[in-house]
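Participant: Attaching a single structure in C-alpha cells format; questions to follow.
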Amino acid sequence: MKLFLLLAFNILILFRILDARFSHHEASKVDGNADRKALLVFKSQVSANNRLALVSWNDSTPLCQWKGVTCGRKHKRVTGLDLGGLQLGGIISPAIVSISVRSSTSMAAAMVSSAGGLLAMLNEPQPTLKHHALSHLNNLVDRFWPEISTSVPIIESLYEDEEFDLHQRQLAALLVSKVFYYLGELNDSLSYALGAGALFDVSEDTDYVHTLLAKAIDEYAILRSKAVESSEMVDIDPRLEAIVERMLGKCITDGKYQQAMGIALECRRLDKLEEAITKSDNVEGTLTYCINVSHSFVNRREYRHEVLSLLVEVYQKLPSPDYLSICQCLMFLDEPQGVATILEKLLRSDSKDDALLALQIAFDLVENEHQAFLLSVRDRLPAPKTRPVEAAQPVETTATTNENPSGDVQMADVTPVTPAQTIVHETDPVDATYAERLTKIKGILSGETSIQLTLQFLYSHNKSDLLILKTIKQSVEMRNSVCHSATIYANAIMHAGTTVDTFLRENLDWLSRATNWAKFSATAGLGVIHRGHLQQGRSLMAPYLPQGGAGGGGSPYSEGGALYALGLIHANHGEGIKQFLRDSLRSTNVEVIQHGACLGLGLSALGTADEEIYDDVKSVLYTDSAVAGEAAGISMGLLLVGTATEKASEMLAYAHETQHEKIIRGLALGIALTVYGREEGADTLIEQMTRDQDPIIRYGGMYALGLAYCGTANNKAIRQLLHFAVSDVSDDVRRTAVLALGFVLYSDPEQTPRIVSLLSESYNPHVRYGAALAVGISCAGAGLSEAISLLEPLTSDVVDFVRQGALIAMAMVMVQVSEASDSRVGAFRRQLEKIILDKHEDTMSKMGAILASGILDAGGRNVTIRLLSKTKHDKVTAVIGLAVFSQFWYWYPLIYFISLAFSPTAFIGLNYDLKVPKFEFMSHAKPSLFEYPKPTTVATSNTAAKLPTAVLSTSVKAKARAKKEAEQKANAEKAASGAEKSVGESGSGKERESADMEGDSMQVDSTATVEKKAVEPEAAFEILVNPARVVPAQEKYIKLLEDSRYVPVKLAPSGFVLLKDLREHEPEVLSLTDAPTSTASPATGAAAATQGTTASAMAVDDEPQPPQAFEYAS
C-alpha cells in the first residue's frame, strides 16, 4: 500500500510536469484510445476487492461515461479524474502518465489515507518536490493536520530559509498557520498567516479565515487603542495592518458598508470610516447608522467626539446637509457656536420651510435638557440689524404742549428738540422677518415655549382619579405620619404639572395635621403640581414664602418647603427666580429655610456652574449645620452637574473633616453629580472614593461610578459595580452598587433583568432592594415583560423595605402601560389597593404601595419616565432627578425629584406661529391597547343591597297574565297599517321589557347591555386629534392620513413637531386654548374643571350624579 501511495503522488508530479509541457499540438496526436488503454491498465493494477467500483470501465462503455472520468467538449479527451471516496488500493501503472490532465485531478485524494509520502518529499533536495509537497499538504491539512503537526519544525525551517523561493516560503507559512489553527494556538497561527502574505486570502469562506480575521481585527484594535490612550510608543506590525486594510477594502468593494464602518470604528481608522461612508449608496442613511453605532459601541468619550466631528464634516459636504443631525452631533461635541451659526442661516433664509426646520432643531435640542448649552446657543444668536431713524414726534409734541399748557403733565415736561437731536434705532426692514423668527426661537431655547405647551397639554388632558386618593386617605390611620406624608407625595406625583390641587383644597383639615417636616413636604408638593408655571410660580407660593426677611412670622417648615417648591417649579429653567432664592438664602439663619433654599437654588440653576450661587451655598455648608449642610452638599452637586471641576476635591476634603453623617452623605451625592457623564475622565475621583475607609464616601463612589458611565453599558463600570455589590462590608454600599447598575444600563434595558437576576435572589435584603430599583430605573416606562417577571416575586418579599422598593420599581416600569397590553398591570393595581386597605400591612410596604399608586398615574396619566431623548442623548434633568429621588431611603422630601424625570406622552403639532392647529392622524392599533385606565367607582349602598329578589306566586301569575294580554293586544293590531303596526310592535316590546324588569330587576338590563356590547367589534385603528396622548409603545403605530392639510417637517411619532401648512389660504382651527392663566383663581378653576371631569368619568352609564355634600364613613 505504501508503494501504491508513493506512486500515486509521484504520478501527480508527472501530471504537473506533463501538463506544463504538453502543448495543444502534441495533445492532438494522441487520440482517446490511448486514454482508454491507460485507464484500463490502471484498473488492472487495482486490488481485486476494490475493482467492482470501476465496473463501468470496459470496452463496451464509452470512455466519457466511465465513472469518475471527465472529458473535454471538443476532442473528447480525458481532462479530469475524480475517484474520491472509492477507497482504491494497489500499484499505479506508469501508463497513466500518458493522460493529459488539464482541469482537476482528485485521484490522489481518493486513495490517500496518510500524508507520509508528501511529508517525506519535504526532505528531498529538489525545490520542485518541496514545492509540490507544500502545495498538496496545504490542500490536505484539513484532514491530516495531526500527522502534519509532527513535521512543523521542518516546515518552519523552510519558511525561515531565505534561499528558498519567496512564494514557497509564504506557502510554508500558510501551512504552518493552518496547523497551529487546528491545534488551537491562534496567536501563532495569526503570526504565520501574516508571513503568508497574499496567499492568506481574506475572501476565502472558511472557518480558518473567518477566525483569523476576527483575531487580527481584535489584535489591531487593541494595539491602535493602546497607541492612542497611552504615551508609550506601540509598534504595529505592518503585515497585520495590511490584512485589516485588505479586509476593509473587500467590505467596501462588496458593498458591505456597515461591516466596514464597524471594523473602522473598532480599529480607530477614521480615514477608512470616511471612505466607507462616502462610497456608500445611501450616504445619509449610513451617517445615521454611524451615529447610532458611535453612541452604542464607542466606549471612550474622547474617541466618540472624534467620530462625531468627522461625521459633522461629512454631513456639511453633502449637497443638502441634514441640519437636524448636524446640530445633534454639535450638541454632543458641546459646540454652541456651530449650532448658532446653522440656526442663524436657516432663520435668515427666504424660505419658510427653512425657518420651520430651525424651530424644529430648537425643540429637539430642548428635549435633551442641557440648560447651559441651550442658553449659550441663545446668547450667540446675533441680534437683527438696526438703523438710526430721526424721530419727528417730539417736535409735534412740543408744539402741542406750547399751544395747550393745561394738557398732560408728561407732555408739558417734554423739552423742545429738533428732529436731528432725537435719534431712535428700529429694526431694519430687511431683518424684520429675521427678528420675528429670532424671538420665537429664543423662546424655544429658553424652554419657555415647550414648558407652556406642556403645561397646557397636561392641564387639558388631565385624567387623574381623585377616588384613588380618597381611598388612600380613608385607609391611612391619622396617627401614621409616614403614610400621611406618603399620600401627600402621591397626590403631588399624580398631578405633577397639571396645576390641579383639588385634593388638597378639599382636605384642608386633614392636610393641616401635617407638622414639622411633613408640613415642609406638603408645601413643597405644590411645586410638583405647578411645575412649569414659570410666570405665576412665585405668586402661587406667595402665601408660604418668607415675608420681610428672615422668619416673617410663618412656620419655617412652610417657608422652607415653599422655597423648595419654587426650585421644583423652575427646575432647569431658573433665570427668573435664582436671585430671589439667593436673597432668601442670605437673609436667614434658620436651617430649615436654608435647607429648602439650597435645594431650590440647586434645581433652578441645574448644571449652570454659577460661581456666585456656589459661594452662597458653600457658606451654608461651612456653618456645619447637619440639616442645612446636607441640602448644601446636594445643591453644590446640582450646580456643578457634569463639570468634573476641581471643586469636587474641596467637597471631598470637607466630607472628611465634618462629623455629621448627613453632611457627608449630601456631599458624597453632590460629588457624584459633578462627574455625571464624564466616563473615563472621572476614574481618578471614583477610585479615590471607592477606596475610602468611610462607607458613606464609598456609597457616594457607587453613585459616581453609575452617573459617570450613565447610559453607556460600559463593561468596566458594570464589572466594578458587581464587584462592590458582593464584596463590600457595608450594606448601604452594596445596595447602592446594585442600584447604580440601573443608571449604567438604561440605554440597553433588556440587559438589566438578566444581569441582576441572581442578585434579586440574594440572601441580603439590601441587595434585593437595589436589584429592584435598578430594574425600575433602567426599564422605566418600557413595560418589559422580563422586568415585570423579575419584580413580581419581590413584591411579596419577606422583608418590608424590599417590598417597598419592588412596588415603586414596578410602578416605574408599568407607567403608561395599559391592562389590555399586559394583564399584569390590572393585577398590580389590585395588589396595591389590597396593600393600602390592609390595616395589618407594614408601614414601609404600605408607603411603597401609596407612592406606586401615584407614580402609576403620574401627571394626570399623561407622563412617563424617559431617560433618553429620541436622538439617544441622555436627558440630564431626568437622570439627575432619579439619582436624587433614590435618596428617599434617608430623606423623604427628596421623593419630589422624581418629577424631573417625567416626560409628557404627547404628540403636539405646531404651525409657523407656534400655535397648535387641529388636525387628525391615525393610530393603527386597537384603541384599547393604549387607552386611559378605567376610573374607579364607589362601592355605594346600592351595590351592597343586591340581595336575592323574593318572587311571590302572585307576582308570577301577574307576570304571566300581563304577558298574555300583551300578546292578545299585538294580535289585534295586526290589521293596522304598516306604520301603526310598527309602532304597535315597538310599544308591545317596551311593555314586555318593563314587565320583565319587574320580575328580574337589573339582571335583565345588565345582560342585555353585555350582549349589546359583545356584538360591537373593536375598531382596528383610532383617529387622534392634535394634540393627542401617544404613549411610547404606541409610537410605532402612528401614521399620517392621506391628503392631510399638514405635513411634519420631521417624521416623529411624538413630541413637539413643526407642521408645514399645505393650504395656508384656509382658516385654521386651534387647540389648547383652555390653559390656566391667573394665579389664585386658576387653581380654583382647574380644580372645578377637574371635579367635573372626574365626576363625569366616574359616572356609570347615564345615571345622575350623587349629591355633592354626600360623605361616606366606614
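The values are calculated or read from the model by the stated rules, or taken from the named source; none is laboratory data. Please read these numbers as outputs of a predicted model, since none were measured by experiment. Note that each Cβ is placed from the backbone with ideal geometry, even for glycine, and that neighbours are counted across all protein chains shown.
Participant: Of everything in the stretch 523-560, what is at pLDDT 85 or above, among the aliphatic types (A, V, I, L, M) and part of a loop (DSSP other than H, G, I, E, B)? Give them in sequence order.
Facilitator: L534, L545, listed by residue number.
Participant: Next question, about the same structure. Just need a number here: residues in the stretch 783-794 that are surrounded by 24 or more Cβ atoms within 10 Å (Cβ to Cβ) and within 19 Å of I898 (Cβ to Cβ).
Facilitator: Total meeting the criteria: 2.
Participant: Does Q371 count as buried (at least 16 other Cβ atoms within 10 Å of the Cβ) and either assigned by TED's automatic domain parsing to the domain that holds F1056 or at pLDDT below 90 (or both)?
Facilitator: Here the answer is yes, as Q371 does meet what is asked.
Participant: Out of T674, T690, I need the residue that is among the β-branched types (V, I, T) and either surrounded by fewer than 19 Cβ atoms within 10 Å (Cβ to Cβ) or closer than 26 Å to S619 by Cβ (or both). Which one?
Facilitator: On inspection, the qualifying residue turns out to be T674.
Participant: Tell me, which residue of the stretch 704-735 that is polar (S, T, N, Q) and part of a helix (DSSP H, G or I) is nearest to S760 (Cα to Cα)?
Facilitator: If we take residues in the stretch 704-735 being polar (S, T, N, Q) and part of a helix (DSSP H, G or I), then S727 is nearest to S760 (Cα to Cα).
Residues are listed down the side, and each one gets a yes or a no for (1) among the aromatic types (F, W, Y); (2) crowded, with 19+ Cβ neighbours inside 10 Å; (3) assigned to a helix (DSSP H, G or I):
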| position | (1), (2), (3) |
| --- | --- |
| Q258 | no, no, yes |
| R268 | no, yes, no |
| L273 | no, yes, yes |
| I291 | no, yes, yes |
| S294 | no, yes, yes |
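Participant: What single numbered condition from (1) small (G, A, S); (2) within 30 Å of the chain's Cα centre (by Cα); (3) not in a loop (DSSP other than H, G, I, E, B) fails to hold for G607?
Facilitator: (3)
Participant: Residue by residue through the stretch 194-226, note down the ones that are in a helix (DSSP H, G or I), without any contact (Cβ under 8 Å) to a residue 40 or more places away in the chain and surrounded by 15 or more Cβ atoms within 10 Å (Cβ to Cβ).
Facilitator: Residues satisfying the conditions are L199, Y208, V209, L212, L213, K215, A216, E219, L223.
Participant: Please enumerate the residues belonging to the stretch 144-153 that are over 55 Å from the mean Cα position of the chain (by Cα) and either crowded, with 17+ Cβ neighbours inside 10 Å or of a type in the set (K, R) (or both).
Facilitator: Correct list: S151 only.
Participant: Now for a separate question. Would you mind stating whether R665 is among the charged types (D, E, K, R) and surrounded by fewer than 19 Cβ atoms within 10 Å (Cβ to Cβ)?
Facilitator: no
Participant: Checking A780 against (1) over 22 Å from S899 (Cβ atoms); (2) of a type in the set (A, V, I, L, M); (3) crowded, with 22+ Cβ neighbours inside 10 Å; (4) in contact with a Lys or Arg (Cβ under 8 Å, 6 or more places away or on another chain), which test does it fail?
Facilitator: It fails just one condition, (1).
Participant: While we're here: Could you please give the count of residues in the stretch 275-299 that are among the acidic types (D, E) and under 27 Å from the mean Cα position of the chain (by Cα)?
Facilitator: 1
Participant: In the stretch 727-735, is there at least one residue being within 26 Å of I697 (Cβ to Cβ), surrounded by fewer than 24 Cβ atoms within 10 Å (Cβ to Cβ) and without any contact (Cβ under 8 Å) to a residue 24 or more places away in the chain?
Facilitator: yes
Participant: Within the bounds of the stretch 13-36, is there any residue that is at pLDDT 50 or above, closer than 27 Å to L129 by Cα, surrounded by 15 or more Cβ atoms within 10 Å (Cβ to Cβ) and touching a Leu at 6+ places or on another chain (Cβ under 6 Å)?
Facilitator: Checked the stretch 13-36: no residue is at pLDDT 50 or above, closer than 27 Å to L129 by Cα, surrounded by 15 or more Cβ atoms within 10 Å (Cβ to Cβ) and touching a Leu at 6+ places or on another chain (Cβ under 6 Å).
Participant: I would also like to ask the following. How many residues does the stretch 808-861 contain that are part of a helix (DSSP H, G or I), in contact with a strand residue (DSSP E or B) (Cβ under 9 Å, 6 or more places away or on another chain) and at positive phi?
Facilitator: Of the residues in the stretch 808-861, 2 are part of a helix (DSSP H, G or I), in contact with a strand residue (DSSP E or B) (Cβ under 9 Å, 6 or more places away or on another chain) and at positive phi.
Participant: Something else now. When the residues of the stretch 819-846 are filtered to those that are farther than 20 Å from H484 by Cα and modelled with pLDDT under 90, which remaining residue is surrounded by the fewest Cβ atoms within 10 Å (Cβ to Cβ)?
Facilitator: Applying the filter and picking the extreme gives S823.
Participant: Of all the residues that make up the stretch 489-505, how many are closer than 19 Å to A518 by Cβ, crowded, with 24+ Cβ neighbours inside 10 Å and among the aliphatic types (A, V, I, L, M)?
Facilitator: Final tally of qualifying residues: 4.
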